[in-house]
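Every read-out reported here was derived from the displayed coordinates using simple, explicitly stated rules and does not represent laboratory data. The shown structure was predicted, so the numbers you read here are calculated from the model rather than taken from an experiment. Don't worry about glycine lacking a Cβ; one is built from the backbone with ideal geometry, like all the others, and counts go over all protein chains shown.
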Amino acid sequence: MKKKFIEDKKFRLIVMLLVTVFIVTSFSFAWFIMRATDETQNFSVANFQAEPYCYFKNGENEVLPENIELTDEKGNPITDEEGNAVVALDDNGLIVLSTNPGDDNYIGNFCVDVKYKGDGAGYLRVKMVHEYSINGMSNQHPANVPYKIADEGDWHDNRGDDYCYYYKNELDADGDAEQTLSFITANNDIDLGALADGIVIKVAVETDMVQINRYPQIWGMGKLPWEP
């Protein structure tokens, strides 16, 4: 009888531990999904580290989103409830893009480079998720915004399937030496005709670089998106 009680006690303890592990794992996974969806960030996978460098090209200057103070239609500074200036990088890491050519954070001035380092040859993809808000209503969408892509022939636009651009060439990383790849360049002729007046656009940018022989395991695909 005593042996059965001990076995039952052990069984209950194992079940409790399994439940705890499941809850912690589920919470961690949910947190990662929310973070991956909502924030501009970088991933470090296998032997590589890649991160987006996002800025606005105003003349010869590169201005970071966090250094741009937003203004309203009349040119007055926008402030939060505490009176602090609202900038073009929100608390969730989303970059605010303006459709007004006169604004410092105009979408036509938006640029993205990818800074990467690591060991060996790798493939790179850049994920972009846009959030549109108008009259207080928000919607997330892959949205094929007509950005100007540097060396466009080297990139595969797969946004309709997974929100991503894929760089079709292998990138050779050389240890701790950081390298830069141009992705989105300024486009003052960007066509925004399909966007409604008064719309607020926010974008999250992620970069992900993997070893060339590990994309099936890490990206979960049998072949690269541009392959027949």
I need the chymotrypsin sites (Phe, Trp or Tyr not before Pro) found in region 69-127, filtered to DSSP loop residues with at most 12 other beta carbons within 10 Å of theirs. none
With 27 Å as the limit, write out which pairs from Lys74/Lys127; Lys74/Lys148; Lys74/Lys202 have Cα-Cα distances beyond it, or answer none. Lys74/Lys127; Lys74/Lys148
Full extension between Asn61 and Asn188 adds, at 0.36 nm per residue less the Cα distance, a length in nm of 44.2 nm
Between Gln179 and Asp161, what is 0.36 nm times their sequence separation minus the Cα-Cα distance? Round to one decimal in nm. 3.6 nm
